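The structure appears right after this line, and notes come after that.
The values are calculated or read from the model by the stated rules, or taken from the named source; none is laboratory data. A quick note: this is a predicted structure, and the numbers were derived from the prediction, not measured. Positions of Cβ are generated from backbone atoms using ideal geometry, with glycine treated the same way; all protein chains shown enter the neighbour counts. Note: accessible area is taken over every heavy atom of the protein model, side chains too, but ligands, DNA and RNA are not part of it. Shrake-Rupley method; radii C 1.70, N 1.55, O 1.52, S 1.80 Å.
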Amino acid sequence: MAILEVNNLEKHFGSTRVLEDISFDLEQGKALAIIGSSGSGKTTLLRCLNFLETPDQGTISVGGNVIFDAANRRSQTDAEIRKKRLHFGMVFQSFNLFPQYTALKNVTLAKELLARERPDFKANKKAILEEIQQEGLELLTKMGLEQRASHYPSQLSGGQQQRVAIARALALKPDILCFDEPTSALDPELTGEVLRVIRGLVEQKTTMIIVTHEMAFARDVADEVMFMDGGLIVERGPARQVIENPQEERTRQFLAGYTQE
């Protein structure tokens, strides 16, 4: 069953077409790795899915429901966009943690803010916040950071900060977890710890889209790989097939720049 369906998505910045007629789907519990050179449209696609950018054309459906239609202005109000973002958990390249908050607070903040909109919040404030705190601690434990809950981002390594960012993205229990080059801001020795966490999430059948330049990781961990170039989907298929035996010349040329392990 497809949890995500994207149809005819386009995005322009002025006269530059960054995404052109993007259509794909993603099944529940599967991991899709998106590869391509800088400027190919990978990050813009993720930002459109998370509504950090508004597509100029196309539709996005989650769980069989159209949550965005470029032709329908009512699906693009600020209130609607806030709801739609809950379907997608986003892990950015540069962590984007709040420096004034502890690791635990970074994980729980969004859920606490949403909880305050519940009609029963005032009557059950203490119990609700305690539950959110406990869930946050469980997520940090899952990331191997139970001893770092009270630490601030400046007291954490890059790998630890990225694991906090992953826990934060998981806190709202999104339908799809999106990673935008999650290791690009890390030193090589810290890359492995973040990739191990992502590998664990794949093994737990977390539905994910991973924009990555780690070709061996994409080959060995993702269910499918999608190669983008010039704002287009050039090739998509089983991960090992695309990485080891690409069918399109543009895919072959791109992969020629990487040494396969």
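Evaluate the following for residue 139: is it in contact (Cβ under 8 Å) with a residue 12 or more places away in the chain, assigned to a helix (DSSP H, G or I) and under 18 Å from the mean Cα position of the chain (by Cα)?
yes
Scan the stretch 169-192 and tell me whether some residue there is touching a residue at least 12 places away in the same chain (Cβ under 8 Å), in a helix (DSSP H, G or I) and more than 24 Å from residue 111 (Cα to Cα).
Scanning the stretch 169-192 turns up at least one residue that is touching a residue at least 12 places away in the same chain (Cβ under 8 Å), in a helix (DSSP H, G or I) and more than 24 Å from residue 111 (Cα to Cα).
Collect the residues in the stretch 13-34 that are open to solvent by less than 70 Å² (accessible area, probe 1.4 Å) and out of contact with any strand residue (DSSP E or B) (no Cβ under 7 Å at 6 or more places or on another chain), keeping them in residue-number order.
The one that is open to solvent by less than 70 Å² (accessible area, probe 1.4 Å) and out of contact with any strand residue (DSSP E or B) (no Cβ under 7 Å at 6 or more places or on another chain): 29.
Report, by residue number, each residue of the stretch 62-90 that is under 16 Å from the mean Cα position of the chain (by Cα) and assigned to a strand (DSSP E or B).
Hits for the stretch 62-90 are 62, 88, 89, 90.
Quick check on this structure: which one of 37, 94 is touching a helix residue (DSSP H, G or I) at 6+ places or on another chain (Cβ under 7 Å), within 28 Å of residue 194 (Cβ to Cβ) and open to solvent by 20 Å² or more (accessible area, probe 1.4 Å)?
37
Mind listing just one residue for me: the one in the stretch 56-81 that is open to solvent by less than 20 Å² (accessible area, probe 1.4 Å) and at pLDDT 95 or above and, of those, farthest from residue 14 (Cα to Cα)?
Taking the candidates together, the pick is 62.
Give the number of residues within the stretch 215-240 that are open to solvent by 50 Å² or more (accessible area, probe 1.4 Å) and either closer than 27 Å to residue 173 by Cα or free of Cβ contacts under 8 Å to residues at least 12 places away in the same chain (or both).
Looking only at that region, the number is 4.
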